[in-house]
Amino acid sequence: MIEHKRSTRETQIELTLNVKGTGQVQVDTGHGFFDHMLHQLAYHGGFDLTLKAQGDQTGDHHLVEDVGITLGEALQTAWRKQEGFNRFGQSLLPMDDVLVICAVDLCGRAFCDTKLKLTRENVGGMDTEMVPHFFRSFAHAALINLHIRRLAGSNHHHLIEAAFKSTGRALRDALSNNMTTFSTKGSL
């Protein structure tokens, strides 16, 4: 179980994370749609996550970004402590009209490329530009490679939700205990 906090003038965040959990999730950021997406990520990752966050009143940017950083830092701590995991993971996720693919590499090098082709400005009270920003903040703090692609569909709620679900499932795959050697180099 990883406990992690972030406290700035813009946000106050506390979380506990168990990446080998049972999908027990309690999230309260004060932003319903964002809570729903974080719940999907953790549940489909098989994580136990308790997250309480409070952001300033300037919009959703600081909250979404700092939650991404805090959750990413906790994930990095968790995967670095774990022995024997796949390292690579992927998920192809259909959701009604939408098809999204996600691939991850728990490698110690930060990279994120998100191509969801979102054209609406807002979904569920959250600016859609914050979706790729969340994943970028998360991946950089977790020191992972993260690729997310929209393959089909146009419903923006479904696109965003499928991105969070597929990321959770790809992380579950990468964290599963099937490998003991992570790299031909000998270490990550």
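The values are calculated or read from the model by the stated rules, or taken from the named source; none is laboratory data. Quantities reported herein were computed from a predicted structural model and do not represent experimental measurements. Reconstructed Cβ throughout: ideal geometry from the backbone, glycine too, with neighbour counts over all protein chains shown.
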Some residue of segment 115-135 being closer than 19 Å to Val67 by Cα, assigned to a helix (DSSP H, G or I), over 12 Å from the mean Cα position of the chain (by Cα) and among the aliphatic types (A, V, I, L, M): yes
Among residues of segment 124-140, those that are surrounded by fewer than 20 Cβ atoms within 10 Å (Cβ to Cβ), touching a helix residue (DSSP H, G or I) at 6+ places or on another chain (Cβ under 8 Å) and either more than 23 Å from Thr29 (Cα to Cα) or of a type outside the set (D, E, K, R) (or both), counted: 5
Of the criteria (1) touching an Asp or Glu at 6+ places or on another chain (Cβ under 9 Å); (2) touching a residue at least 40 places away in the same chain (Cβ under 8 Å); (3) hydrophobic (A, V, I, L, M, F, W, C), which one Leu99 fails: (1)
Residues located in segment 174-188, provided they are modelled with pLDDT of 90 or more and surrounded by fewer than 20 Cβ atoms within 10 Å (Cβ to Cβ): Ser176
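Which residues, counting only those in segment 37-61, are at negative phi and surrounded by fewer than 17 Cβ atoms within 10 Å (Cβ to Cβ)?
Looking only at segment 37-61, we keep the residues that are at negative phi, and these are 37-45, 47-58, 60-61.
Lys52, Gln54, Asp56, Gln57, Thr58, His61 - these are the residues of segment 37-61 that are at negative phi and surrounded by fewer than 17 Cβ atoms within 10 Å (Cβ to Cβ).
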Filter result (within 17 Å of Gly168 (Cβ to Cβ) and in a helix (DSSP H, G or I)) within segment 1-41: Phe33, Phe34, Asp35, His36, Met37, Leu38, His39, Gln40, Leu41
Index of the failed condition, Leu159 passing every other in (1) crowded, with 21+ Cβ neighbours inside 10 Å; (2) in a helix (DSSP H, G or I); (3) within 11 Å of the chain's Cα centre (by Cα): (3)
